[in-house]
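In what follows, a structure is listed as structure tokens, so that the remarks can point back to it.
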Amino acid sequence: MPEIGSEVALTSDPRLRFLEFYRSFEDRKGRLKYRERIRKMILLRQRSLVVDFPDLVAYDKDLAKEVLKAPTIFIEAASKAITDIVKIDDPDYAKSTVFYARFRRLPEAIPLRSLRAEHIGRLIMVEGILTRATPVKQQLTEAVFQCEACGERTIIAQEGIVLRQPARCTNPACGKRGSMRLLIEESKFRDWQKLVVQERPEELPPGQLPRNLEVIVRDDLVDRARPGDRVTVVGILNVKQERAVSGAKLSTFSTYLEANNIEVAEAGLGEVEITSEDERKILELAKSPDIHERIIRSIAPSIYGYEHIKEAVAYQLFGGEPKVYPDGVRVRGDIHILLVGDPGTAKSQLLKYAARLAPRGLYTSGKGSTAAGLTAAVVRDKRTGEFYLEAGALVLSDKGIACIDEFDKMDNEDRASMHEAMEQQTVSIAKAGIVATLNARCAVLAAANPKYGRYVYERSFNENIDERKLPPTILSRFDLIFVITDKPERGHDARLAEHVLKLHGGTYVEEEGVIPPELLRKYIAYARERIHPKLSVEAIEKIKDFYLEMRGRAEGGSSPVPITPRQLESLVRLAEARAKMALREIVTAEDAEAAIRLMKTYLSSVGYDEETGSIDIDIVMVGKPRSQQEKILKVMDIIKMLEESRDGEPVPVNEIYEEAEAQGLSREFVEKTLRRMRNDGLIYEPRTGYIKRT
């Protein structure tokens, strides 16, 4: 490259000052950082050069200040300086391409809630969640018009969103009005897209609605991010005049951001800042021999008891490891937990605490959530009439945790939309011509109430829940299900009363070894980002032995199935999460044993069939234990047999009861089974007191 004179450094021309910056700035290793970036940009045929703002501050503080104050002039100068350098290295590429200087890492990020009139026209940086994105459009930058009368051509540069066109022919000999036609094929266009960025949930003040900001992106910035992504946008804050319903122009203006650069934040440490001092504390904490017990004690310490549930929630916060197999199949690493329990057992408090503790957590109630609010929605823009995509709670908590209270109060169609989000961890949309798949890689912590208000101990789990509200299709997707009961017991009640009254009296003494919530939040974020444990041979053997032992109980076909491969994967996820809690890269036999212990607790409380006295996973997977399934089939066989004996005529209900009792089935069970069959459409009643198969 030919030498540029030293007088460049002394000039006030911003273009020459940027040229010198690109040419001479060296990093700590003495390399010409931006010369190398420009060479790479030419090689990859890119149009944008990313400039780290701290480099510009270090090189020329005054120039950096001027970029912030008058960004339109200085960004254009910075972009033209790139063209000047490319002209020397690759003249042909420089002639055919427009280059852009993109700035990142500005001194401070301005909260969306703090944007004021003083920021208009300035270069600013904002952070938030991308909630909407329009389809990519083409914006006219240079329009070529032709007179239909004389053929005269006129070129007009386009600025803003309103088309500028000549009123009459520019040829003095013609000058005809209204004869100018736009030549699309000769005009120049560039890509254009409108985004909406919203405040992050963790920054939202209580009781406030989240603020939004429109962002306009152009050229190679389009489609950089999609709804649900956490983004950092650098741009110029501009204003546009508002109009009244009548169409009159108002004196008020709304703001929007002309993006100069947009970056998608990596999930995990993206929104939790971990300093070197924090890292030292985290690594010191991980060395504690009782680290697992300390973390479990630190989960909602104000809530008394529930050690095994707190342990499960702790594992959920850390999460297992997602896997992508060689054939492209992805297996989730997130752990889903369902709490079913009596009123007043602190389920909601536990959910809210987990949402606050997770590096990326959202709390919502099932009663106030729709399918669109949880997954994604296609919304029509009121002004343009266009459809765009809007991300829901599960998409916004990508790589975090979604806490859904009142899970049983959701509408059936809304709950059904969660099937894909919980297992495949994606949200697919095909509405109004928009076909898209968004990531929803989050853990779900849900809470529900029993069917009869309180949990009835004498009945099995599947009888305590409403099958219409919590069908087996959704239950089977939870790794762990816990039943919380409020059973009077003098010793336990005395300790609970003492704990609650101490809290209300203000004399609560914090448990020894409890980790402060802010440090624990950083610890979780650090573990999720940096630690990726692998199963040891000992852990594999432990899990395999437990699985085979449980499966062995069902050999022969007559016994109920106690465990399925779904629980096997859950065991792996729980063991990996426990290893992450101690910041270990290897899953030990001890981790596997802890996961097995928790799985046994779940199976013995939820999957236990009172009738056979054995564990039956079909209670969760199918909604009925094996013993009941066999009886239901027996009732169906009785109806079939009686129908055939009557040449296909309807069967009297009394005959069914008599035959069932002869085969050892109770009248109460047969009544319940016939009612369920009628609801499922397997049988119908052609006339009162008679049954016929469909």
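What follows is calculated from the coordinates using simple rules that are stated; it is not laboratory data. Remember, it's a predicted structure, so these values are computed and weren't measured experimentally. Every residue, glycine among them, receives a Cβ derived from its backbone with ideal geometry; neighbour counts consider all protein chains shown.
Details
- Protection proxy ranking of 444-451, 210-217, 676-683 - average other beta-carbon atoms within 10 Å, highest first: 444-451, 210-217, 676-683
- Net charge dipole size for the chain [Lys, Arg +1 and Asp, Glu -1 on Cβ; Debye, nearest 20]: 2500
- Residues Glu420, Glu142, sorted so that the one with the fewest Cβ neighbours within 10 Å comes first: Glu142, Glu420
- Look at Asp278, Asp466, Asp92 and count the other Cβ atoms within 10 Å of each Cβ; fewest to most, that gives Asp92, Asp466, Asp278.
- Protection proxy ranking, peptides 568-577, 20-29, 347-356, average beta carbon neighbours within 10 Å, highest first: 568-577, 347-356, 20-29
- Over the chain: helical MRE at 222 nm, DSSP H runs n ≥ 4 each giving -39500 (n - 2.57), nearest 500: -11000 deg cm²/dmol
- Two-site FRET efficiency, Gln138 against Ser24, from Cβ-Cβ distance with R₀ of 35 Å, rounded to 0.05: 0.35
- Burial ranking of peptide ranges 535-548, 282-295 (average Cβ count within 10 Å, highest at the top): 535-548, 282-295
- The ellipsoid equivalent to the alpha-carbon distribution of the stretch 626-693 has semi-axes of 17, 13, 11 angstrom, derived from the gyration tensor eigenvalues as √(5λ) and listed largest first.
- About the centre of its Cα atoms, the stretch 449-494 shows a dipole size close to 140 debye [charges on the beta carbon of Lys, Arg (+1) and Asp, Glu (-1) only; nearest 20 debye].
- Rounded tilt (10° steps) of 667-680 against the dominant C-alpha axis of the chain: 30
- Cα-based helix-to-principal-axis angle, 33-43 vs the chain, degrees rounded to 10: 80
- Derived scalar couplings between HN and Hα for the stretch 138-153 equal 10, 9, 6, 10, 9, 9, 10, 10, 10, 6, 6, 8, 10, x, 5, 9 Hz in order, rounded to whole Hz, by the Karplus curve 6.51 cos²θ - 1.76 cosθ + 1.60 (θ = phi - 60°), x for Gly and Pro.
- Separation of alpha-carbon centers, the stretch 470-494 and the stretch 286-300, rounded to whole Å: 24
- Glu108 paired with Asn679, simple spin-label distance in nm, labels 7 Å along Cα-to-beta-carbon: 6.0
- Solitary cysteines of the chain, where the nearest other Cys Cβ is not under 4.7 Å: Cys403, Cys442
- Neighbour counting of Cβ atoms within 10 Å sorts the residues Thr252, Thr97, fewest neighbours leading, into Thr252, Thr97.
- Surrounding net charge for Ile124, when Lys and Arg each add one and Asp and Glu each subtract one, Cβ distance under 12 Å: -1
- Angle in degrees between helix 14-24 and the longest Cα principal axis of the chain, rounded to the nearest 10: 70
- Rounded if a/c under 1.5, otherwise prolate or oblate - the chain, Cα gyration tensor axes: prolate
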